[in-house]
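In what follows, a single structure is set out as structure tokens and then discussed.
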Amino acid sequence: MRTIIHLLIIIGFCAASLGAAGLGKPSAADSVSQSMAVTILITGSLLLVICGLVTKSLKKSAGAEDAEADEPADDFATLLAEISGEIRDLDDSRAELSPTELTERINSLLKNQYFDLTSRNEELAALLGFSVYATIWDGVASAERLLLRAWSMATDEHLDEAIQELPRARSHIERACAAMQKVG
């Protein structure tokens, strides 16, 4: 259904553009008359408006189903708690970590759970609204940046500096988890 709507939107846009391009041209020099250009413009514009209303209606009905299930918010909360647990474990065991082990664990976290979360950021924003999303995502993004800094320092054999980033990453991800809990 969405593919058909997207196709109709493209057709409507092209028709409206073609009709608008035909306006103001002398009728004798142009193969499309002024009245035909106006008809094409109005048809394309109406098609765009109708497709917009249908899309809005479909989003509302899909949003109502999502609100009833409330599963996506739980999925995000679970994934965020998983990430927080991994960062907590990293921070708690930082004294025993070698540079290689630290980089491997951070790499695994970023490639797996963090990737799963960050690849769905638009879904989370649509689910919660932008201002709530922003309070959560601030902690998520800050923690990710700090983990990447720690990884980079550890690969450069600056383990002491890398380890100093872990408690900071932990506090940022815990802030994100607290903001997510307020949603539920």
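No value in this document is a laboratory result; all are computed from the given coordinates. Note that this is a predicted model, so its numbers are computed, not measured. Virtual Cβ from ideal backbone geometry, glycine too; neighbours counted across all protein chains shown.
Of note:
- Among PHE115, PHE76, a tally of other beta-carbon atoms within 10 Å of each Cβ gives an order, fewest to most, of PHE115, PHE76.
- Rg/Rh (Cα only; Kirkwood hydrodynamic radius) as it applies to the chain: 1.28
- Tilt relative to the chain, helix 99-109 - C-alpha long axis, 0 to 90 degrees, to 10: 40
- Computed from Cα atoms, the angle from the helix 130-155 axis to the main principal axis of the chain rounds to 50 degrees.
- In the chain, the DSSP-assigned H stretches of four residues or longer account for a calculated mean residue ellipticity at 222 nm of -28500 deg cm²/dmol, using -39500 (n - 2.57) per stretch and the full residue count as denominator.
- Efficiency of FRET from Cβ geometry, ILE10 and ARG88, R₀ 35 Å, rounded to 0.05: 0.10
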